[in-house]
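The values are calculated or read from the model by the stated rules, or taken from the named source; none is laboratory data. Here the structure is a predicted model, which is why all the values come from computation and not from measurement. Positions of Cβ are generated from backbone atoms using ideal geometry, with glycine treated the same way; all protein chains shown enter the neighbour counts.
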Amino acid sequence: LQSTPVSTPSKQNKSTIDYKKEYEKREIDEKPQISLVVIGHVDAGKSTMMGHLLYQQGVVSKRLIHKYEQESKKIGKSSFAYAWVLDETGEERSRGVTMDVAHNRFETEHRVITLMDAPGHRDFIPNMITGASEADVAVLVIGASTGEFEAGFGIGGQTREHALLIRSLGVSQLAVAVNKLDTLNWSQKRFIEIVEKMKQFLKQAGFKDSDVTYVPVSGLLGENLISKATDPQLTSWYNGPSLIDVIDKFRAPQRPIELPFRFCVNDVFRGQGSGISINGKIESGGISPGTKVIVMPAGEKGLIKGVESNDGISNAEFALAGEHATLTLHGVDIMKVTTGSVICDIDNPIRAITRLQARVIVFNIEVPITRGFPVELHYKSVHEPAVIRRLLSQLHKSTGEVIAKKPKFILKGQNALVEVELTRPVCLEEYSSLKELGRFTLRYGGSTIAACVVTQLLR
Ligand code: GDP
């Protein structure tokens, strides 16, 4: 049997390409990509607004909207036509509730936006978390109609919960869409009332005033979404940006191009010849053919022979942080690379750990979380059994200050610092060093019970 030469490896592990320079060039040439999550109380109008916005942006065809209009009329809920743009299954439609995170992309003048729809139903919070834990920025939708803002803003309302949650997960820029103002003849008084209350709350929650913009809109009528307001009742007092103008001005996240190479594997398949093809996302650094890498947690070393960028450019010279790419890897047994593996810089691999400390935000869970509580850790495409080993402290929801040390249990709605232990090693980073690999969720009995950020890798 003839062994395939793994390579004629150059002494040099590193590519001679200056990834940072290429990244900066690209920043000038191309529109930056931003992931956006839409949050807010149930029925605030999230789906309708984003569906209408996608329609106005030309992402959705007239024909499709027409079809949805016909179908929604049939079931007597004609206002749902736009919301259906974001809903994919018939079940969601007939219930009139968005159940899963649907992804959609659209472009503004200066940005490419990946949209993650966030369902507002209480039971469905878990789905929103998936979107929120990967979001760069958020649109918070508020139903302004009489009594509705109050319901969402009150105790147990999701306006507060969602805002606190995304802030804890690292989102700092926010557009607040004050929706359904059409039901109040575009009352400026109501707009100001809501803005004042939200300002106070969001400041406490840790958002900077300058990073939050308030926009009066009607998702249903499509007013002030992508073009300047036209309703005289609104234009009589409002001359500010439309929702899309605000989205277009979100600062693009700086991808960690200078950090060591990290590539999270989504999919593995046998490639041509002796190599394997791995599909995934570059979370930090850059990669080019001829680079030696190490696969974690397996610890197997190999050589990258080919790079295909997400734009479908095969034989790419390189691919950079933030990009989805397919790499051809040589010299590694296919059994050692799985979904959840991280391909790393050979001199600076990610740690594979079984114990970590995390800040957790607990959702609506009926049983209290106690020491020894069994959970499932979810992160990117990884699902691993884990246990809550220690409850270190209960934290204040917005300031993060310690409220109680060594609590006996953690209840729904609380924030806490805990130690999590896994059965098998996983590759995570501390949130402070690489946010992209420092967030995860915990599940129990089939539902998501907490969103978490890694505060310390233990062992
Ligand atoms: P979600 O649960 O936040 O996704 O809310 P939906 O988009 O499903 O909207 C909930 C309800 O509010 C539906 O009946 C919509 O037709 C209605 N709605 C949404 N936006 C507006 C708006 O701007 N004005 C009015 N009058 N109704 C709206």
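Limited to the stretch 32-48, what total is found for residues that are over 19 Å from the mean Cα position of the chain (by Cα) and either more than 11 Å from the ligand (Cβ to nearest atom) or part of a helix (DSSP H, G or I) (or both)?
1
There is at least one residue in the stretch 257-272 that is modelled with pLDDT under 95, in contact with a strand residue (DSSP E or B) (Cβ under 6 Å, 6 or more places away or on another chain) and in a loop (DSSP other than H, G, I, E, B).
Just one residue in the set Val307, Val332, Val295 is in contact with a helix residue (DSSP H, G or I) (Cβ under 9 Å, 6 or more places away or on another chain) and without any contact (Cβ under 8 Å) to a residue 60 or more places away in the chain; that residue is Val295. Here Pro407 passes the criteria (1) modelled with pLDDT under 95; (2) assigned to a loop (DSSP other than H, G, I, E, B) except the one numbered (1). Just checking, does the stretch 349-365 include any residue being buried (at least 20 other Cβ atoms within 10 Å of the Cβ), charged (D, E, K, R) and either over 30 Å from Tyr19 (Cα atoms) or in contact (Cβ under 8 Å) with a residue 60 or more places away in the chain (or both)? Within the stretch 349-365, one or more residues are buried (at least 20 other Cβ atoms within 10 Å of the Cβ), charged (D, E, K, R) and either over 30 Å from Tyr19 (Cα atoms) or in contact (Cβ under 8 Å) with a residue 60 or more places away in the chain (or both). Pull up the stretch 212-230, narrow it to residues that are among the polar types (S, T, N, Q) and within 20 Å of Gln56 (Cα to Cα), then point me to the one that is nearest to the ligand (Cβ to nearest atom). Result: Ser218. Against the test of being free of Cβ contacts under 8 Å to residues at least 24 places away in the same chain, assigned to a helix (DSSP H, G or I) and within 16 Å of the ligand (Cβ to nearest atom), the options Tyr55, Tyr68 yield a single qualifying residue, Tyr68. Of the residues making up the stretch 231-243, none is buried (at least 22 other Cβ atoms within 10 Å of the Cβ), more than 16 Å from the ligand (Cβ to nearest atom), in contact (Cβ under 8 Å) with a residue 40 or more places away in the chain and among the hydrophobic types (A, V, I, L, M, F, W, C).
Cβ separations smaller than 9 Å between residues 6+ apart or across chains give the following pairs from the stretch 175-188 residues that are in a helix (DSSP H, G or I) to residues that are more than 6 Å from the ligand (Cβ to nearest atom) and basic (Lys, Arg): Leu181/Arg190; Leu184/Arg190.
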